[in-house]
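The values are calculated or read from the model by the stated rules, or taken from the named source; none is laboratory data. Since we're looking at a predicted model, the values are computed, not measured. Note that we place each Cβ from the backbone using ideal geometry, even for glycine, and neighbour counts take in every protein chain shown. For accessibility, only protein heavy atoms count, side chains too; no ligands or nucleic acids. Shrake-Rupley method; radii C 1.70, N 1.55, O 1.52, S 1.80 Å.
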Amino acid sequence: MMQTPPEHPQATTVLALGIAAITVVPFTAPFAWILGSRALRQIDANPGAYSRRDFVVAGRIIGMVATIAYGLILLLILYFVLFGSPSSA
């Protein structure tokens with residue numbers, strides 16, 4: 001019987017940070033991206049040593065999307081603070 005490799009130690013953490021980023025705690029998004037990238041490199045460097053690559057990939061992608069989305073929202077807010085809302089002429 002074939003034994004499955006152990007779960008990567010940060011797989012669940014990366015996924016949880018990604019989910020938290022899109023639900024309640026936006027500042028966790030970059031952490032999901034960074035930790036996910038690091039964990040993915042470790043998993044890919046040792047094929048078969050860890051499981052739950054899917055958790056890491058999902059959390060990392062969510063972190064990337066959330067980071068970019070929140071960044072764009074902040075730029076939009078900054079634009080309106082500096083230049084005001086568009087006037088209806």
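Considering the convex hull of the alpha carbon atoms of the chain, report its projected area averaged over all viewing directions, in nm², one decimal. Quarter of the Cα hull surface area: 7.7 nm².
Applied to segment 45-53, the Karplus parametrisation 6.51 cos²θ - 1.76 cosθ + 1.60 on θ = phi - 60° returns per-residue 3J(HN,Hα) values of 6, 10, x, x, 7, 10, 10, 6, 4 Hz, with x for Gly and Pro.
Taking H placed 1.01 Å from N in the peptide plane, check which residues at least 5 places from GLU7 or on another chain put their amide H under 5 Å from its amide H. Placed amide hydrogens put SER51 under 5 Å from GLU7. Summary of packing: across the peptides 65-72, 46-53, the per-residue average of other C-beta atoms within 10 Å ranks them, highest first, as 65-72, 46-53. Full extension of the chain between THR4 and ILE34 gives 8.2 nm of extra length, using 0.36 nm per residue less the Cα-Cα distance.
Applying the Karplus relation 6.51 cos²θ - 1.76 cosθ + 1.60 with θ = phi - 60° to segment 11-26 yields 3J(HN,Hα) values of 4, 5, 4, 4, 5, 5, 5, x, 5, 4, 4, 8, 10, 10, 10, x Hz, where x marks Gly and Pro.
Couplings 3J(HN,Hα) of segment 57-73, computed from phi: 4, 4, x, 5, 5, 4, x, 5, 4, 5, 4, 5, 5, 5, x, 5, 4 Hz, in residue order, whole Hz [Karplus 6.51 cos²θ - 1.76 cosθ + 1.60, θ = phi - 60°; x for Gly and Pro]. Across the accessible surface of segment 1-56, with the other protein chains kept in place and a 1.4 Å probe, carbon and sulfur atoms take up 65 percent. Take the chain with all the other protein chains still there, run a 1.4 Å probe, and you get 70 Å² of accessible area per residue.
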